[in-house]
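Quick notes on the structure that follows.
The values are calculated or read from the model by the stated rules, or taken from the named source; none is laboratory data. This structure is a prediction, so every number in the text was calculated from the model and none was measured. Glycine gets a Cβ as well: all are built from the backbone with ideal geometry, and neighbour counts include every protein chain shown.
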Amino acid sequence: MKSPLDGWYDKAGVRTDPRRVMARELEEGKTLFPHKLIPYLDHPLVAALEPEERYRITARHLYQYMQFTMHFETSVVNRAAERIANGTSGLPLPAATRLDAYKIYCDEAYHALYSLDVVEQVSDATGVEVPAYDFAPFLDRLDGLGASVMPGETILVQLLQVVVFETLVTSILKDIPKDQTVVGTVREVVRDHAQDEGRHHAYFAAFFKELWHDLSPALRERASRCLPELVSRSLTPDLVPVRGSLRLAGLDEASVSEVLADVYAPDRTRDGIRASARHTFQLFESVGVLDVPGARDSFMSAGLL
């Protein structure tokens with residue numbers, strides 16, 4: 001079968017894309033991140049802030065997105081990609097599949113590099129300080145689920161993590177490249193990322209079919225109970241950086257809590273998770289995850305179907 005990574009040496013961003021460099025877009029009045037993708041920006045308490053504060057909030061949201069990308073690619077995706085590539089995934093994979101995993105490893109490292117590059121360029125150009133970002137709690141949240149729901153299956157949980165994330169379709173990768181209100185450097189970097197991720201999506205969808213087929217009935221049942229919560233934990237917004245950004249903008253703790261409670265209400269958050277994970281759910285359906293006894297009920301109970 002044709003691999004989605006065929007032609008990688010001629011098509012991958014790390015092989016072909018130039019470094020994206022800030023030009024004069026800021027002077028042209030363009031935004032650093034689409035306001036429609038910053039859900040708390042239009043809350044009345046945030047909308048009432050001075051334009052300069054809202055601008056800094058937008059910059060910090062961009063930083064948060066890029067820093068999350070940087071850490072996630074290296075700490076989660078490449079952790080699993082290396083296992084697939086070096087033959088320690090537990091699956092009897094052909095050499096071509098393992099080589100493709102190393103191609104993805106290179107891609108993701110490059111995504112991390114240019115994510116940090118954009119953060120530093122924007123900070124230098126705008127003077128908006130980059131807050132400290134701690135990825136460890138998010139990673140602990142993902143890994144902790146495996147330890148509690150699938151003890152003894154660390155590698156399998158890491159593989160499930162990467163399948164979930166790499167088959168999601170988010171509005172950020174889809175919408176930002178087309179948004180002419182956003183500075184060109186950000187649009188170009190997100191477009192570069194999206195092009196690579198399209199190939200990764202296809203690779204991990206095929207990989208998951210092999211993985212699921214190889215699991216014993218007992219492991220399939222355990223995995224099917226793990227996946228709903230894994231999807232939820234993967235896509236539940238990290239509000240710690242948001243809280244910090246709003247405090248830096250001058251809102252007191254009570255106002256920040258009000259904004260977060262209004263914008264990230266449970267029903268609204270679940271709707272966002274379902275939308276982003278719809279292709280992942282289709283993949284699960286196609287390989288029979290939801291046919292495992294109790295699996296569909298687990299997804300329904302989690303509010304995902």
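Tell me the residue from Ser234, Ser224 that is small (Gly, Ala, Ser), at pLDDT below 95, under 21 Å from the mean Cα position of the chain (by Cα) and surrounded by 21 or more Cβ atoms within 10 Å (Cβ to Cβ), please.
None of the others qualify; the one that does is Ser234.
Search region 157-209 for residues being in contact with a Leu (Cβ under 8 Å, 6 or more places away or on another chain) and not in a helix (DSSP H, G or I), and hand back the single one that is farthest from Ser276 (Cα to Cα).
Residue satisfying both the conditions and the ranking: Val183.
Could you list, in sequence order, all residues of region 229-280 that are among the charged types (D, E, K, R) and more than 15 Å from Val46 (Cβ to Cβ)?
Of everything in region 229-280, those that are among the charged types (D, E, K, R) and more than 15 Å from Val46 (Cβ to Cβ) turn out to be Glu229, Arg233, Asp238, Asp267, Arg268, Arg270, Asp271, Arg274, Arg278.
Of the conditions (1) surrounded by fewer than 21 Cβ atoms within 10 Å (Cβ to Cβ); (2) more than 20 Å from Pro131 (Cβ to Cβ); (3) β-branched (Val, Ile, Thr), Val76 satisfies every one except a single condition; which number is it?
(1)
When you look at Thr269, is it in contact with a Leu (Cβ under 7 Å, 6 or more places away or on another chain), closer than 29 Å to Ile38 by Cα and in contact (Cβ under 8 Å) with a residue 24 or more places away in the chain, yes or no? Quick ask: steps written out before the conclusion?
Working: in contact with a Leu (Cβ under 7 Å, 6 or more places away or on another chain): no; closer than 29 Å to Ile38 by Cα: yes; in contact (Cβ under 8 Å) with a residue 24 or more places away in the chain: yes.
Spelling it out, it is not the case that Thr269 is in contact with a Leu (Cβ under 7 Å, 6 or more places away or on another chain), closer than 29 Å to Ile38 by Cα and in contact (Cβ under 8 Å) with a residue 24 or more places away in the chain.
Residues of region 92-107 being among the acidic types (Asp, Glu) and either touching a Ser or Thr at 6+ places or on another chain (Cβ under 7 Å) or modelled with pLDDT under 95 (or both), which ones?
Scanning region 92-107 gives a single hit, Asp100.
Where in region 251-291 are there helices (runs of 4 or more DSSP H), lying wholly inside it, with at least 3 residues that are buried (at least 18 other Cβ atoms within 10 Å of the Cβ), out of contact with any strand residue (DSSP E or B) (no Cβ under 9 Å at 6 or more places or on another chain) and not polar (S, T, N, Q)?
253-263, 278-287
Somewhere in region 227-247, is a residue farther than 28 Å from Tyr55 by Cβ and not in a helix (DSSP H, G or I)?
There is no residue in region 227-247 that is farther than 28 Å from Tyr55 by Cβ and not in a helix (DSSP H, G or I).
Could you list, in sequence order, all residues of region 17-38 that are outside any loop (DSSP other than H, G, I, E, B) and over 17 Å from the mean Cα position of the chain (by Cα)?
Leu26, Glu27, Glu28, Thr31, His35, Lys36
What helices (runs of 4 or more DSSP H) lie completely within region 63-154 and have 3 or more residues being more than 19 Å from the chain's Cα centre (by Cα) and over 18 Å from Ala206 (Cβ atoms)?
95-126, 136-149
Is there a residue being β-branched (Val, Ile, Thr) and over 28 Å from Ala261 (Cα atoms) anywhere in region 50-58? Write out each step before concluding.
We begin by selecting, within region 50-58, every residue β-branched (Val, Ile, Thr); these are 57-58.
Subset that is over 28 Å from Ala261 (Cα atoms): none.
Checked against the condition, which is being β-branched (Val, Ile, Thr) and over 28 Å from Ala261 (Cα atoms), region 50-58 yields no hits at all.
What pairs come up if the first residue lies in region 194-210 and is in contact (Cβ under 8 Å) with a residue 40 or more places away in the chain and under 12 Å from Ala101 (Cα atoms), the second is small (Gly, Ala, Ser) and surrounded by fewer than 18 Cβ atoms within 10 Å (Cβ to Cβ), and their beta carbons are under 8 Å apart, counting only those six or more places apart or on different chains?
Cβ pairs passing all conditions: Tyr203/Ser3.
Does Val162 fit the bill of being among the β-branched types (Val, Ile, Thr), within 30 Å of Pro293 (Cβ to Cβ) and either buried (at least 22 other Cβ atoms within 10 Å of the Cβ) or without any contact (Cβ under 8 Å) to a residue 40 or more places away in the chain (or both)?
In short, yes.
Please find, within region 100-130, the residue that is surrounded by the fewest Cβ atoms within 10 Å (Cβ to Cβ) out of those that are without any contact (Cβ under 8 Å) to a residue 60 or more places away in the chain and hydroxyl-bearing (Ser, Thr, Tyr).
Tyr102
Among Leu32, Leu45, which is farther than 22 Å from Ile172 by Cβ and either in contact (Cβ under 8 Å) with a residue 40 or more places away in the chain or among the aliphatic types (A, V, I, L, M) (or both)?
It is Leu45.
Looking at (1) part of a helix (DSSP H, G or I); (2) in contact with a Ser or Thr (Cβ under 8 Å, 6 or more places away or on another chain); (3) not charged (D, E, K, R), which is the one condition that is false for Leu41?
That leaves (1) as the condition not met.
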